[in-house]
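Quick notes on the structure that follows.
Derivation of every value follows stated rules applied to the coordinates shown; laboratory data play no part. Because the structure is a prediction, the values reported are computed rather than measured. Positions of Cβ are backbone-derived with ideal geometry, glycine not excepted, and every protein chain shown enters the neighbour counts.
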Amino acid sequence: MSKPVLKGMASVHFELQLTIGESAARALEALAGYGDKEFLELFYAKLGKSYLQPHEGALRELFAAVREQLPGQLHAVKEARGRIVKAAGAPLALANVSRASERNNT
């Protein structure tokens with residue numbers, strides 16, 4: 001009878017979660033809105049390829065996720081803010097209080 005042979009492979013998985021405020025989310029949406037090709041062409045022309053090129057695939061994935069998911073989430077934030085302002089009977093200027101506070105904390 002032969003001895004059992006175990007072969008194993010170690011695997012490590014890292015997952016990071018990034019929490020950003022509304023202003024940063026809108027900036028990220030605007031950045032991704034340029035499109036992968038256009039953004040990379042400009043970046044490479046101005047800053048070179050050595051830093052970003054190894055991460056180009058991941059950047060394309062990030063931009064695609066941002067363009068797919070972020071607009072709906074930001075729309076929901078805008079709608080919720082409008083409902084809160086309307087329910088509170090507050091002047092429209094108060095709708096920007098959370099944005100100003102957020103800018104001061106980042």
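Observations
- Cleavage-rule hits, trypsin sites (Lys or Arg not before Pro), region 35-71, DSSP coil, Cβ neighbours within 10 Å at most 13: K49
- Within the straight-line cut-off of under 17 Å between alpha carbons, the lysines reachable from K49 are K37, sequence neighbours fewer than 8 places apart in one chain being disregarded.
- Alpha-carbon radius of gyration plus Dmax, which is the widest Cα pair, for region 2-88 in Å: 20.6, 78
- Distance between the 7 Å Cα→Cβ label points at V77 and H13: 2.9 nm.
- Neighbour-limited loop hits for chymotrypsin sites (Phe, Trp or Tyr not before Pro), region 1-89 (at most 16 other Cβ within 10 Å; DSSP other than H, G, I, E, B): F14, Y34, Y51
- Low-density loop positions, GluC sites (Glu not before Pro), region 1-87 - DSSP coil, at most 14 other Cβ in 10 Å: E15
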